[in-house]
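I have placed the structure first, in the form of structure tokens, so that the comments after it can refer back to it.
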Amino acid sequence: MTGQEFEAAVKAAGYSQSGFARAMGVHRTTIAERYTKDEVEPYWVFALAGLIASRAAVSVSALVSKYDNSRAKMSG
């Protein structure tokens with residue numbers, strides 16, 4: 001993945017450069033440097049994918065919990 005593609009993916013995931021850096025525990029310039037690379041190191045791509053997956057898992061869990069709670073009220 002190129003730096004430009006990585007930058008677009010970070011933004012599409014809802015992160016600013018600073019926000020992604022905070023989530024990764026690195027300085028913002030570390031992320032800025034990735035945006036200019038011809039090829040971003042795979043671990044940065046995997047890290048972003050992990051954050052996206054984590055957000056999705058939280059959303060799915062909340063949705064299922066809401067559904068379970070509404071069904072419990074209907075049958076109770």
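The values are calculated or read from the model by the stated rules, or taken from the named source; none is laboratory data. Here the structure is a predicted model, which means the values were calculated and not measured. Quick reminder, even Gly has a Cβ in these numbers, built from the backbone with ideal geometry, and neighbours come from all protein chains shown. Side chains included, ligands, DNA and RNA excluded: accessible areas come from the protein's heavy atoms. Shrake-Rupley method; radii C 1.70, N 1.55, O 1.52, S 1.80 Å.
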Out of all the residues in the range 32-76, which are over 14 Å from the mean Cα position of the chain (by Cα) and modelled with pLDDT of 95 or more? Ala32, Glu33, Arg34, Tyr35, Thr36, Lys37, Asp38, Glu39, Val40, Glu41, Pro42
Does Arg34 meet the test of being touching an Asp or Glu at 6+ places or on another chain (Cβ under 9 Å) and surrounded by 12 or more Cβ atoms within 10 Å (Cβ to Cβ)? yes
Can Ala8 be described as surrounded by 12 or more Cβ atoms within 10 Å (Cβ to Cβ) and assigned to a helix (DSSP H, G or I)? yes
If a residue has to be open to solvent by less than 80 Å² (accessible area, probe 1.4 Å) and in a helix (DSSP H, G or I) to count, how many in the range 40-51 make the cut? 8
What number of residues within the range 16-39 satisfy the criterion of being part of a loop (DSSP other than H, G, I, E, B) and under 17 Å from Met1 (Cα atoms)? 4
For a quick check of your reading of the model, give me the residue pairs whose first member lies in the range 44-66 and is within 13 Å of Val10 (Cβ to Cβ), whose second is assigned to a helix (DSSP H, G or I), with beta-carbon atoms closer than 7 Å and at least 6 apart or on different chains. Trp44/Phe6; Trp44/Arg34; Val45/Phe6; Ala47/Met24; Leu48/Ala9; Leu48/Val10; Leu51/Ala23
